[in-house]
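The values are calculated or read from the model by the stated rules, or taken from the named source; none is laboratory data. Nothing here was measured: the structure is a model prediction, and the numbers come from that model. When we count neighbours, we look across all protein chains shown, and the Cβ atoms used for this are built from the backbone with ideal geometry, even at glycine. For accessibility, only protein heavy atoms count, side chains too; no ligands or nucleic acids. Shrake-Rupley method; radii C 1.70, N 1.55, O 1.52, S 1.80 Å.
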Amino acid sequence: MELNIMSRSVAERGTTPTGARIESVSAAENPIIAGMYPDPTICRAGEYYYLATSSFEYFPGAPIFRSKDLTNWSQIGHILTRRSQFSVGDRGPSKGIYGSTLRHHDGRFWFVTTNANDYEAGQLLVSAADPSGPWSEPVMIPNAIGIDPDIAWDGETCYLTWKRLSFTDGDLELVQAVVDLESGEIGPTYQVWQGTGMTAAEGPHLYRVGGYWYLMLAEGGTERGHTVTVARSQHPYGPFEACPQNPILTHRSLGHSVQNAGHADLVQTHDGGWAAVYLGVRARGSIPGFHVLGRETFLSGISWVDGWPVFDEHRYHLVPDDHGFVDDFTAGRLDLRWVVPGGQPTDAVALSADLGLSFTSSWRSGADLLCARVRDLRWESEALVEGDVAHVLRLDDRHWYGVVIRDGIARAEMRIGDLSQSIGSVEVDGGAIIRIEAVSPATLNVPLGHAGPDDIILSVEVGSIHHELARLDGRYLSSEVASGFTGRVLGFGSPSGHGVVRSVRYKPAG
Ligand code: 6LW
């Protein structure tokens with residue numbers, strides 16, 4: 001019986017070129033891109049690597065990152081920055097942009113994905129000369145309905161491989177067709193390797209390495225049983241022989257601090273070696289463990305043994321990013337961290353050098369909330385506000401906690417599924433600081449206590465007097481409770497539309 005999911009951290013000492021000591025940690029236990037950045041897809045062009053991820057209902061969609069060394073990444077933009085590329089749909093949680101493939105071919109970048117808001121329109125393909133944008137208008141592939149499209153070229157021929165799936169009837173099959181990238185037309189569709197027999201075989205990526213074509217899959221579902229499996233063939237279309245060592249990556253049944261490991265993509269490194277990026281979660285708290293940041297992106301080395309890829313999860317070390325930020329919204333444009341579920345930033349907020357952030361519409365639970373992903377397990381966020389402002393911690397539109405100031409009263413409010421509750425209130429006259437903190441749980445794990453992954457403290461500071469309004473169990477803002485594919489974000493809105501955020505300060509805590 002496993003009682004607790006513990007955090008382990010392998011720390012190693014190193015030095016900078018100037019001799020200063022830095023602490024690097026194992027990439028096996030620490031994400032290269034922390035927070036809700038799942039289904040990573042990677043390619044290399046010249047001296048840079050590029051990586052993009054799913055983003056679901058949040059707009060702009062499909063964040064894209066650049067790195068020279070695979071361990072330090074910076075975001076260079078989003079791929080889907082216009083609603084003509086990413087239709088809004090019904091704004092539902094865990095819809096929008098799903099698993100994808102990013103490739104560099106013949107001097108151009110290609111990105112193929114699924115917009116679950118517009119599922120029946122088929123796969124969505126865009127391209128760009130510069131990966132930081134602008135990306136083209138989409139070419140839709142209407143005869144390829146499903147998820148997780150992949151593109152791979154054999155000379156002039158481009159193969160599209162994807163998972164046929166029905167959101168109502170479930171799993172169907174992994175299929176492939178030759179695709180015309182200009183028209184979006186496909187040739188006859190046929191089955192490829194269906195995996196080793198686990199549930200939810202999906203996330204296909206096809207590569208030519210040496211004399212073989214490799215088809216890599218995610219299998220077992222994106223939960224604790226998640227895995228990576230692989231098969232090879234002399235042709236891109238099969239027949240495929242499964243790797244005798246499958247699954248080639250999984251953390252299922254291991255007491256590893258990173259769970260749900262799977263959905264990988266391979267890249268050849270500058271020195272001719274290979275690496276992989278994959279998704280994992282940092283589940284914490286009492287059994288069965290709760291993950292709250294969504295699925296994050298991890299890095300592994302890849303070795304080739306007898307013509308098969310072997311994950312070397314301990315090859316890389318990294319110095320974790322400091323995700324802290326202060327934003328006073330006076331830069332004239334929003335930082336890349338800001339996204340809006342359903343709507344779009346330009347409709348939800350206005351920026352001014354005098355006021356900072358103001359709101360152009362009133363916030364109602366889902367849309368019109370300006371959000372930034374939470375990227376740490378322990379942290380604090382403070383917003384200096386005036387007027388009617390809500391600062392919330394959101395998992396989705398039915399699961400959030402926050403402090404809402406309206407008509408001179410600050411209240412701690414929460415929604416957990418069908419339950420909404422307001423607890424604790426204090427009068428606010430003029431400005432206030434709303435503070436949200438994720439701290440270690442006040443109780444031990446089951447059976448000595450009932451700890452969730454964290455406790456969330458909601459407080460407000462008025463005239464330098466600090467009022468703690470609520471301390472809440474963080475498990476209700478976890479994917480295990482709320483379900484779905486997304487992680488926590490910090491959100492800012494106004495219940496009336498009349499409010500201002502002067503600044504936001506986010507700080508990771510020990
Ligand atoms: C992704 C698919 C999946 O497209 O989740 O559970 C989808 N598996 O591979 C959204 O991340």
Q: Please work out which residue is farthest from the ligand (Cβ to nearest atom), limiting yourself to segment 201-219 and to residues that are more than 16 Å from ALA276 (Cα to Cα) and surrounded by fewer than 24 Cβ atoms within 10 Å (Cβ to Cβ).
A: GLY211
Q.
Looking only at segment 95-126, filter to residues that are open to solvent by 10 Å² or more (accessible area, probe 1.4 Å) and of a type in the set (Ser, Thr, Tyr); which one of those is farthest from GLY146 (Cα to Cα)?
A. TYR98
Q: For GLU223, state whether it is open to solvent by 70 Å² or more (accessible area, probe 1.4 Å) and within 16 Å of the ligand (Cβ to nearest atom).
A: yes
Q) If only one of SER132, SER87 is open to solvent by 10 Å² or more (accessible area, probe 1.4 Å), away from the ligand (no atom under 15 Å from the Cβ), among the small types (Gly, Ala, Ser) and in contact with a helix residue (DSSP H, G or I) (Cβ under 7 Å, 6 or more places away or on another chain), which one is it? A) SER87
**Q.** Which listed residue, of ALA52, ALA45, is away from the ligand (no atom under 15 Å from the Cβ), open to solvent by less than 30 Å² (accessible area, probe 1.4 Å) and closer than 26 Å to HIS317 by Cα
**A.** ALA45
Q | Every residue from segment 149-163 that is open to solvent by less than 10 Å² (accessible area, probe 1.4 Å) and either within 16 Å of the ligand (Cβ to nearest atom) or farther than 15 Å from LEU217 by Cβ (or both) | A | PRO149, ASP150, ILE151, CYS158, LEU160, THR161, TRP162, LYS163
Q. Has segment 270-286 got any residue that is free of Cβ contacts under 8 Å to residues at least 60 places away in the same chain, touching a Lys or Arg at 6+ places or on another chain (Cβ under 7 Å), open to solvent by 10 Å² or more (accessible area, probe 1.4 Å) and at negative phi?
A. no
Q. Any idea which of ASP368, ASP397, ASP407, ASP376 is surrounded by 14 or more Cβ atoms within 10 Å (Cβ to Cβ) and modelled with pLDDT of 95 or more?
A. ASP376
Q. Applying the selection to segment 94-111, what residues are within 12 Å of the ligand (Cβ to nearest atom) and either among the acidic types (Asp, Glu) or farther than 15 Å from PRO60 by Cα (or both)?
A. GLY99, SER100, THR101
Q) Does at least one position in segment 288-296 carry a residue that is β-branched (Val, Ile, Thr) and within 20 Å of the chain's Cα centre (by Cα)? A) yes
Q.
Going residue by residue through segment 236-247, is there one that turns out to be within 16 Å of the ligand (Cβ to nearest atom), touching a residue at least 40 places away in the same chain (Cβ under 8 Å) and farther than 21 Å from LEU172 by Cβ?
A. yes
Q: Would you please list the contacts, defined by Cβ atoms under 6 Å and residues six or more apart or on different chains, that run from a residue in segment 91-109 that is among the charged types (D, E, K, R) to a residue that is within 14 Å of the ligand (Cβ to nearest atom)?
A: LYS95/GLU57; LYS95/ALA116; LYS95/ASN117
Q | strands (runs of 3 or more DSSP E) within segment 440-507 that include 2 or more residues buried (at least 21 other Cβ atoms within 10 Å of the Cβ) and under 19 Å from the mean Cα position of the chain (by Cα) | A | 489-493
